[in-house]
Amino acid sequence: MAFTKIKKVLGFSTEEKAISLTDAEAFGLFAATPTAAGILVSPNSAMRVPAVSCAVGLIADTIGCLPAKVYQRDDKQAAKDHPAYKLVHEAANEWTSAEQLRTELTTDALLIGNGYALVTRLRDGTPFELHRIDPANVRTEHAPDGEPFYIVRTSSGDVQHSFQDVLHLQPFGGISPITLGREAIALALAFEGHIGGVFANGGRPSGIIKSPKSLDVEAKKKLAASWFTSHAGQSAGGTAILDEEMDYKQLSMTLADTQFAENRLEQTREIARVFRVPPTMLFELSRGTWSNTEEMFRQFHKVTLKPWLKQWVWAYSRVLLTPEEREAFYIEFITDDLLTTDTAARATAYGQYRAMGALTGNEVRAGLNLPPHDDGNELQNPFTTSAAKESA
C-alpha cells in the first residue's frame with residue numbers, strides 16, 4: 001500500500017513522492033527510525049535515560065534562569081520602557097514567566113528539533129504577549145524568494161503567520177540531538193534493560209541445572225518455572241533444594257567480565273558529546289578533578305550555552321524589535337553568575353589592560369556590561385600619580 005503527499009502534509013518537504021509503508025524512508029516520517037540496538041528512540045523514551053534528562057534539564061533550565069534585558073546602544077542603559085523589555089525579562093504573558101517560556105522552548109528544540117512561540121500584538125503592532133505553540137502543530141514553508149512563513153494548525157483550521165510573528169528556536173543543524181544521537185541513547189536504554197533483567201534474576205548470571213536422566217519438554221518447563229519462582233527477584237539467595245540427584249552449575253560470566261560499568265560510563269560520555277555538554281556537568285566524575293571541573297564549567301558557558309544564547313537573542317530580536325529599532329536597541333543575556341569562578345582572572349586582565357593603556361575605563365565597564373562613566377575615556381594609567389602631579 002502506497003500513500004502520496006504525506007511528507008508535504010507533515011511539513012517535511014514540499015515535493016510530492018509516493019513511498020511504501022515498508023520503505024526505510026517511511027520510518028523517519030513518524031520518528032520511528034530503527035536503531036542498531038533495535039530500540040525505538042523518541043523524546044519520551046530518551047528522557048528515561050538519566051544522562052539525557054540531565055543534559056536537557058541543564059541546558060534548558062540554565063537558559064531559562066539567565067536574565068535577559070533590552071538595552072540602548074548609545075549608553076548601554078536598560079530600556080525598561082520598551083515593550084519588549086517585559087517580555088524578555090519578566091513575563092511572556094499573564095500566566096507564563098519569561099523564564100518558563102525560555103525553558104519550555106529550549107526543551108522543545110532539544111527534544112523535537114523546533115521551539116515556537118507566537119507573538120500577539122496590539123493594533124499599532126506593539127508586541128504584547130508571547131505564547132508557546134506545540135511544535136506538532138507547526139510547519140515551515142518558504143515563499144519563492146526564500147522568505148519563511150509558518151502554518152499553524154488550530155481547532156478552527158490552518159492559520160498562516162509571518163516570520164516576524166513566530167519566535168523560532170532550533171538546535172545545531174536544525175536537527176534534535178535526540179535524533180542525531182539516537183544510536184548512543186538506544187544503547188544506553190539497552191544497557192539499562194539488560195542490567196535490570198540480570199538483577200531481576202537475582203543479580204547473578206544464568207546457570208545450568210543438570211539431571212542424571214532425560215526430561216521431556218513439559219518437565220523442563222515446570223522445572224525452570226519453579227526455579228525462577230523460588231530463586232529470582234526478592235527470593236534470590238535462598239537455599240536451593242534439588243530432587244532426583246539434580247545439580248546446579250553457575251556460569252562463570254560476571255558483571256565485571258562484561259565491563260558493564262565502564263560501558264555505561266562511556267554511554268554517558270557519548271550522550272554528553274551529543275549535547276556538547278562537559279561530562280562532569282552530567283555527574284560523570286570518573287576523570288574529574290577540581291581543576292578540570294572548573295575549566296569544564298567555563299567550557300559549558302562558551303561551548304554549550306553561547307550558541308543557544310545567540311539563537312535566543314536573534315529569535316527575540318526578529319519578532320520583538322523592528323529593523324529600525326535594532327539600530328537603537330539590542331537584547332542581551334546577563335551571564336555574570338556563570339563566570340563567577342573566573343572573576344579574579346577577569347579582574348587581573350582588565351587591570352593589566354588599564355595599566356598598559358590598552359583600554360579606557362569605559363571600555364572596561366562595557367566589558368562588565370556597565371554604563372559609561374563621565375571620567376572613563378582617559379587611557380592614562382590609574383595606578384600611578386604622575387599624571388595628576390603634571391596637571392597640578
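The values are calculated or read from the model by the stated rules, or taken from the named source; none is laboratory data. Here the structure is a predicted model, which means the values were calculated and not measured. We place every Cβ from the backbone using ideal geometry, glycine too, and count neighbours over all the protein chains shown.
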Can you confirm whether the stretch 332-344 contains a residue that is at pLDDT 85 or above, in contact with a strand residue (DSSP E or B) (Cβ under 9 Å, 6 or more places away or on another chain) and not β-branched (Val, Ile, Thr)?
yes
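Just to be sure before I move on: is TYR350 surrounded by 13 or more Cβ atoms within 10 Å (Cβ to Cβ), at pLDDT 80 or above, of a type outside the set (Val, Ile, Thr) and over 26 Å from GLU104 (Cα atoms) in the structure I sent? Can you show your working first?
Values: surrounded by 13 or more Cβ atoms within 10 Å (Cβ to Cβ): yes; at pLDDT 80 or above: yes; of a type outside the set (Val, Ile, Thr): yes; over 26 Å from GLU104 (Cα atoms): yes.
In short, yes.
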When residues of the stretch 261-318 are limited to those that are modelled with pLDDT of 80 or more and not in a helix (DSSP H, G or I), the one farthest from TYR116 (Cα to Cα)
PRO278
Some residue of the stretch 37-55 being modelled with pLDDT of 90 or more, buried (at least 22 other Cβ atoms within 10 Å of the Cβ) and either more than 12 Å from the chain's Cα centre (by Cα) or among the hydroxyl-bearing types (Ser, Thr, Tyr) (or both)
no
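Of the residues that make up the stretch 67-84, is at least one in contact with a Ser or Thr (Cβ under 7 Å, 6 or more places away or on another chain) and in a strand (DSSP E or B)? It would help to see each step written out before you state the result.
Within the stretch 67-84, the subset in contact with a Ser or Thr (Cβ under 7 Å, 6 or more places away or on another chain) is 83.
Still in the running and in a strand (DSSP E or B): none.
No: zero hits.
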Could you check the stretch 274-283 and list, in sequence order, the residues that are in contact (Cβ under 8 Å) with a residue 40 or more places away in the chain and either buried (at least 20 other Cβ atoms within 10 Å of the Cβ) or on the phi < 0 side of the Ramachandran plot (or both)?
VAL274, PHE275, VAL277, MET281, LEU282
Take the residues in the stretch 108-135 that are outside any strand (DSSP E or B) and of a type in the set (D, E, K, R); name whichever of them is nearest to TYR150 (Cα to Cα).
ASP134
